[in-house]
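For reference, the structure is listed below as structure tokens.
What follows draws every value from the coordinates through simple rules; no lab data is involved. Everything quoted here is computed from the prediction, not taken from an experiment. Virtual Cβ from ideal backbone geometry, glycine too; neighbours counted across all protein chains shown.
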Amino acid sequence: MEVPFNRPTKEQIRELPVYQGVDLANIVVVTNKAEAIAAVSELIKHSVLGFDTESKPTFKKGEVSSGPHLIQLSCLSKTFIFPTIFPEAVEETAQVLSNASIKKVGFGLADDKKIILQKFGIKVENTLELSSKVQKFTGVKQKVGARVAVAMLFGQRLTKSAQTSNWAAFPLQDYQLKYAANDSYSALCVEIEIEKSNNSFV
């Protein structure tokens, strides 16, 4: 039996409890090649990963973003954050991002894929855009972003308080790490929840 979903309003989402997601202890910031090799060896064990990027926002008309400044990859136990100021670490992510056997799930991935290819020459393979998948699953009329998806599927509020912070800064503050990690981690949780409901997630 299908569960009916109603798209929540912004006001309704504001009333929901905050989505906790990843503990800080399970967020790994990767800053060198050795750490990246260790991260990749963990990530390639999984067939599905949450994926996202963060870029320092632009505020002036005509200003071009210099991002991405972070690449996030999540499995259920950990989220790995790759600040792009460490090119040797980013280089290792190609083993995951270009691996067609590993599905990368997230919201708004077209832009993420484009900027990663432009800046690092890494072609991201086997991605799944959750906006349309959640829309189809819930039966709502418009495409769904991460915040609405988390509200509908988990009854929680994905905080966006760090969205316009400086992602080019290093080291990042704890609230930035939580925000960035939860962007990719919540996407993975959404994918698992839908597939669980469809009885096809392995």
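Observations on the structure shown:
- Any pair with Cβ under 6 angstrom, 6 or more apart, that starts in the stretch 20-43 at a residue that is in contact (Cβ under 8 Å) with a residue 40 or more places away in the chain and ends at one that is aromatic (Phe, Trp, Tyr): Gly21/Tyr185; Val22/Tyr185; Val28/Phe80; Val30/Phe80; Val30/Phe82; Thr31/Phe86; Ala39/Phe80
- The single condition from (1) under 22 Å from Thr31 (Cα atoms); (2) free of Cβ contacts under 8 Å to residues at least 24 places away in the same chain that Thr93 fails is (2).
- Test: residue in the stretch 156-171 that is under 24 Å from His46 (Cβ atoms), assigned to a loop (DSSP other than H, G, I, E, B) and hydrophobic (A, V, I, L, M, F, W, C): yes
- Lys178 more than 17 Å from His69 (Cα to Cα), touching a residue at least 40 places away in the same chain (Cβ under 8 Å) and touching a Gly at 6+ places or on another chain (Cβ under 9 Å): no
- Matching residues in the stretch 162-199 - criterion: being among the charged types (D, E, K, R) and under 11 Å from Gly106 (Cα atoms): Asp183, Glu191
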